[in-house]
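Scroll down for the structure; my scribbles are underneath it.
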Amino acid sequence: MVDAVVVGAGLAGVSALYHLRRQGIRVLVLEASDGIGGTWYHNRYPGARCDIESLDYSYSFSEELQQDWHWSERYASQQEILAYVQHVVDRFDLRKDIELNARVVSAVFDETDGRWAVRTENGQQFSAKYCLLATGVLSAAQVPQIRGTESFQGRSYHTADWPTEGVDLSGDRVGVIGTGSSGTQLIPLVAEQAAHLYVFQRTPNFVMPAQNRPMDPDLERHWKEHYPELRKKARATRNGHNQISNPLRGKDVSPEERRAEFERRWELGGLYMMRAFADILTDPEVNAEAGDFAREKIRQIVDDPATAEALMPPRELALGTKRLCSGTNYYETYNRDNVTLVNLREAPIEAVTPTGIRTADGSEYELDVIVYATGFDAMTGSFLRIDVRGRGGLSLREKWQHGPRTYLGVMTHGFPNLFILAGPQTPSVFSNMVNQAEIHVEWVNECIAHLEKNEIDTIEANEDAENAWVDHVNELASRTLYAQSRNSWFWGANTPGKPRVFMPYVGGIDRYLQKLGEVVAHGYEGFTLRSRQLARA
Ligand code: NA7
């Protein structure tokens, strides 16, 4: 008998276990796979690396942990983040409450006893007062429906489901489909191994140089001396980390100053370009200039002008409205003799054949290996793959059929005591995910403490508060360039049949945190708290 079931043992699930257990809640974490670490367990493809700096992308709950842990690089590799999560789990003795190979298939709220019945694929059933979904926004891998995929006689891999033992590609003819964050990180490393690499590119993305390097000892010392204030500072920013943002608006400075700032951002690397100017995501002209700057860089780096042209993101794709990629030697890789860019905008993939890939212009690419770097059913996929049912048998899939509906991203009306961690309608993917996860876990932890202390049975989001939050999320997004470039997973555009609804919250971590705090200060405003005897709004 447990008090809370947490679904998923990624960064959010592990944090939830740590916090809830400390307040005496009996917790069980159910994890579908055979290892801990969530996205960092599965995305083991060569080059997988975080695009938020490692010192920021880490838990803040233990001063000893942050003092002891040493990050070896500016941006941590997948292996290092995975080692970190496993260290945390061992250090705080969390493993004993995590059950692996326990894929949750359904979670059903029973109104008679006010508890959640959670069932796994292998038939286990658990009952808990609270159910926390920590299944991640980028965890439901997406395999495209391309004719003939099953007929391929070579080897196929998805970046988000990379074999634990690794893959030897030396001497192989490899085709990579997809040039998002995963593809653009992977491509330079595959090119070094493969006999020949064919990159099948549908939409060219903006890829910033990561400027990764070994950890600067002075920077690490500075962080270790000032962790509490740097964590606090991160929470007072829009994006939940300490990357330098320029408060100036691009339109208020001269073209020369804008250019100098773009150059500086290119050197700072990675996502820093997103913070070049306060209006980079709202002023089309400033954004277009940043895009032109990046296109010019591509032209300078790539030797063959036709390849450079094909690698340039189209002008209608505002910079950053598809998640900006952060890579190492990405454009340089196209100067290698063993790399060919296949421009799917000219001729899309027609079929996967037993021996490779055929495009619509009749070209046949003979391959030994196909790598699908084709992303995720993002933001909602992992939640909706579970049959979640609330009051009166209400199905979450049905409720969200036209897009996610939540109050503060943390709960959804009709589903008492169901908490959604770092999911849709939160800053999540626009922020530092560890910070976002911790913010949610702290809020839920405090909420559960409040319920327990006051002998309250259930908490549920009110419909009107939820409607207002959904409107607010949409309204903020409509003021940005995201509203004009809808071809991204932020809009569900990459998943066939998914409604085109903008899913993340663009208001920023700072504003979001303030709202979470206000709701609590006003006695859980917008929620209904019920106990056996009385119901009060
Ligand atoms: P993304 O960013 O969704 O990228 C997927 C890529 O796969 C993208 O280039 C897609 O092209 C391409 N794709 C998808 N389906 C097809 C088909 N059928 N044919 C050709 N190309 C296809 O996923 P990632 O894993 O790279 O990154 C996801 C997030 O993880 C990332 O944003 C970071 O936040 C971490 P499209 O752009 O749709 O034309």
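Just so you know, all these numbers are worked out from the coordinates, no wet-lab data involved. Only a predicted model underlies this, so the values are computations on that prediction, with no experimental measurement involved. Neighbour counts are summed over all protein chains in view; Cβ atoms, including those assigned to glycine, are modelled from backbone coordinates with ideal geometry.
Key figures
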item: Amide hydrogen neighbours beyond the local backbone of residue 215, cut-off 5 Å, H modeled; result: 73, 74
item: Estimated FRET transfer efficiency (residue 306, residue 155; beta-carbon r; R0 41 Å; 0.05); result: 0.85
item: Largest-first principal axis extents of the Cα set of the stretch 256-339 (Å); result: 41, 26, 25
item: Relative frequency of Cα-Cα separations exceeding 41 Å in the chain, percent; result: 21
item: Distance between the stretch 443-503 and the stretch 193-220 - C-alpha centres, whole angstrom; result: 32
item: Reachable lysines, given that their alpha-carbon falls under 28 Å from the alpha-carbon of residue 96 and they are not under 8 places away in the same chain; result: 129, 453
item: Helix axis angle, 217-235 relative to the chain longest principal axis, alpha carbon, degrees; result: 50
item: Lys/Arg +1, Asp/Glu -1 at C-beta; the chain dipole; positive extreme among 386, 190, 42; result: 386
item: For residue 158, residues with placed amide H under 5 Å, excluding near neighbours; result: 372
item: Rg/Rh for the stretch 147-252, where both radii come from Cα atoms and Rh is the Kirkwood radius; result: 1.12
item: Low-density loop positions, trypsin sites (Lys or Arg not before Pro), the stretch 11-45 - DSSP coil, at most 15 other Cβ in 10 Å; result: 26
item: Dipole magnitude of the stretch 373-509, debye to nearest 20 (Cβ charges: Lys/Arg +1, Asp/Glu -1, about Cα centre); result: 720
item: Anisotropy class of the stretch 255-396 from Cα gyration tensor, a/c 1.5 cut; result: oblate
item: Most to least packed among 469-477, 484-492 [average Cβ atoms within 10 Å]; result: 484-492, 469-477
item: Prolate/oblate/rounded label for the stretch 1-64 (Cα gyration tensor, a/c 1.5); result: oblate
item: Sorted peptide list for 239-248, 46-55, criterion being average Cβ within 10 angstrom, highest first; result: 46-55, 239-248
item: Set of aspartates and glutamates near residue 251 by C-alpha distance (under 15 Å), chain-local residues within fewer than 8 positions excluded; result: 261, 279, 283, 285, 289
item: Residue-wise HN-Hα coupling along the stretch 299-315, computed from phi with Karplus coefficients 6.51, -1.76, 1.60 (Hz; x: Gly, Pro); result: 4, 5, 7, 8, 5, 7, x, 5, 5, 4, 4, 5, 7, 7, x, x, 5
item: Nearest-ten-degree value, helix 509-521 long axis tilted from longest Cα axis of the chain; result: 10
item: Dipole magnitude (debye, nearest 20) for the chain, charges at Cβ of Lys, Arg, Asp, Glu; result: 1000
item: Protection proxy ranking of 412-418, 500-506 - average other beta-carbon atoms within 10 Å, highest first; result: 412-418, 500-506
item: For the stretch 363-432: rounded, prolate or oblate by the Cα gyration tensor [a/c cutoff 1.5]; result: prolate
item: For the stretch 171-329, with +1 on Lys and Arg beta carbons and -1 on Asp and Glu, the positive-most of 227, 268, 171 along the dipole; result: 227
item: Derived scalar couplings ³J(HN,Hα) [the stretch 392-403; Karplus, 6.51 cos²θ - 1.76 cosθ + 1.60; whole Hz; x for Gly, Pro]; result: x, x, 4, 8, 5, 4, 5, 4, 9, 4, 9, x
item: Normalised per residue, the volume of the convex hull around the Cα set of the stretch 426-537 (Å³); result: 123
